[in-house]
Amino acid sequence: MTRLAAAFAHTAQNNRAALVAFVTAGDGPTLAILDALVAGGTDVIELGMPFTDPMADGPAIQAANLRSLAAGTTTPAILDIAREFRERHEHIPLVLMGYANPMLRRGADWFAGECARVGVDGVICVDVPPEEDDQLGPALRDNGVAPIRLATPTTNAARLPAVLDGASGFLYYVSVAGITGLQQAAAASIEQAVARLKAATPLPVAVGFGIRTPEQAAEVARVADGVVVGSAIVDLVARHGADAPAAVRAYVASLRAAIDGARSPA
């Protein structure tokens, strides 16, 4: 069983959603922040690869990308962070999330092989449609790394099979038609979407975009297999700088407590 499968199986057995946390690589003391995510109770970590044109991201993650690039973060540096994380945390799944240019500039086979070498469990590539994924997806699968796909409110029944074809790890449901961090979908629409997606795939469904408070996390955790929180954590890193790990740990612990109690009887 892969680390991703084991993590979602564990949370399902305990009748709770998985907490999936995002942070931008190279923005602040990344390894210490990753340690804080684990200490706070994160089940799956998404490590963002900074890019000059992060079209799916809102102001918080855009700014984090620019800070990271200004600090000199490169793809090999990100892979080194992933390797050090894996040495520290054997069982926590680590997913790289970003855009095609940094992933493909040295070739899909190189990138996928490096991901496997350093212990990356999955990759989310935001800007390659599944219909055009003839390089990265096959290379990741050949190296035992999960290509994690995105579904959105506009992914209709006709297109969903293409999104799911070759996907693994989990399905990331982008709950709003927009950029990260600025709005959250209504609970009823999320519940309907999750039910529709789960009827089409055995993959766990994790919901993200716009989840900032423990209350919002609990609301999503009642219906989804995973709750993704990103911009709010990135905001903490921007606000606290070198002191971010303590703030991140406390915030993540509050999310985890809310998620743990979300399905408890009233």
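The values are calculated or read from the model by the stated rules, or taken from the named source; none is laboratory data. Here the structure is a predicted model, which means the values were calculated and not measured. When we count neighbours, we look across all protein chains shown, and the Cβ atoms used for this are built from the backbone with ideal geometry, even at glycine. Side chains included, ligands, DNA and RNA excluded: accessible areas come from the protein's heavy atoms. Shrake-Rupley method; radii C 1.70, N 1.55, O 1.52, S 1.80 Å.
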Pairs with Cβ under 7 Å, 6+ apart, first in the range 241-266 and more than 15 Å from Ala224 (Cα to Cα), second surrounded by 15 or more Cβ atoms within 10 Å (Cβ to Cβ) and among the acidic types (Asp, Glu) | Pro245/Asp35
Would you pick out the residues in the range 43-72 that are without any contact (Cβ under 8 Å) to a residue 24 or more places away in the chain, more than 18 Å from the chain's Cα centre (by Cα) and either crowded, with 21+ Cβ neighbours inside 10 Å or part of a helix (DSSP H, G or I) (or both)?
-> Leu66, Ala70
Filter the range 213-240 down to residues that are free of Cβ contacts under 8 Å to residues at least 40 places away in the same chain and of a type in the set (Val, Ile, Thr) and give me whichever is surrounded by the fewest Cβ atoms within 10 Å (Cβ to Cβ).
-> Thr213
Out of Asp142, Asp134, report the one residue that is surrounded by fewer than 21 Cβ atoms within 10 Å (Cβ to Cβ), closer than 30 Å to Arg88 by Cβ and over 18 Å from the mean Cα position of the chain (by Cα).
-> Asp142
Of all residues in the range 73-85, how many are more than 20 Å from Asp35 (Cβ to Cβ) and either part of a helix (DSSP H, G or I) or in contact (Cβ under 8 Å) with a residue 40 or more places away in the chain (or both)?
-> 2
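Condition check ((1) free of Cβ contacts under 8 Å to residues at least 60 places away in the same chain; (2) farther than 26 Å from Asp53 by Cβ; (3) surrounded by fewer than 21 Cβ atoms within 10 Å (Cβ to Cβ)) across all residues:
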position	(1), (2), (3)
Tyr99	yes, no, no
Gly107	yes, no, yes
Cys115	yes, no, no
Pro129	yes, no, yes
Tyr173	yes, no, no
Val176	yes, no, yes
Arg196	yes, yes, yes
Ala200	yes, yes, yes
Ala206	no, no, no
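Please determine whether any residue of the range 19-31 is assigned to a helix (DSSP H, G or I), within 23 Å of Gly119 (Cα to Cα) and touching a residue at least 12 places away in the same chain (Cβ under 8 Å). Before you say what the answer is, go through the steps one by one.
Quick first cut of the range 19-31, residues assigned to a helix (DSSP H, G or I) only: 30-31.
Subsequent filtering for residues that are within 23 Å of Gly119 (Cα to Cα) retains 30-31.
With the extra rule that they be touching a residue at least 12 places away in the same chain (Cβ under 8 Å), the set shrinks to 30-31.
Within the range 19-31 (the criterion being assigned to a helix (DSSP H, G or I), within 23 Å of Gly119 (Cα to Cα) and touching a residue at least 12 places away in the same chain (Cβ under 8 Å)), the answer is yes, since at least one residue qualifies.
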Quick check: anything in the range 155-163 under 22 Å from Thr24 (Cα atoms) and open to solvent by 10 Å² or more (accessible area, probe 1.4 Å)?
-> no
When you go through (1) within 25 Å of Val223 (Cβ to Cβ); (2) open to solvent by 10 Å² or more (accessible area, probe 1.4 Å); (3) not acidic (Asp, Glu) one by one for Leu31, which number turns out not to apply?
-> (1)
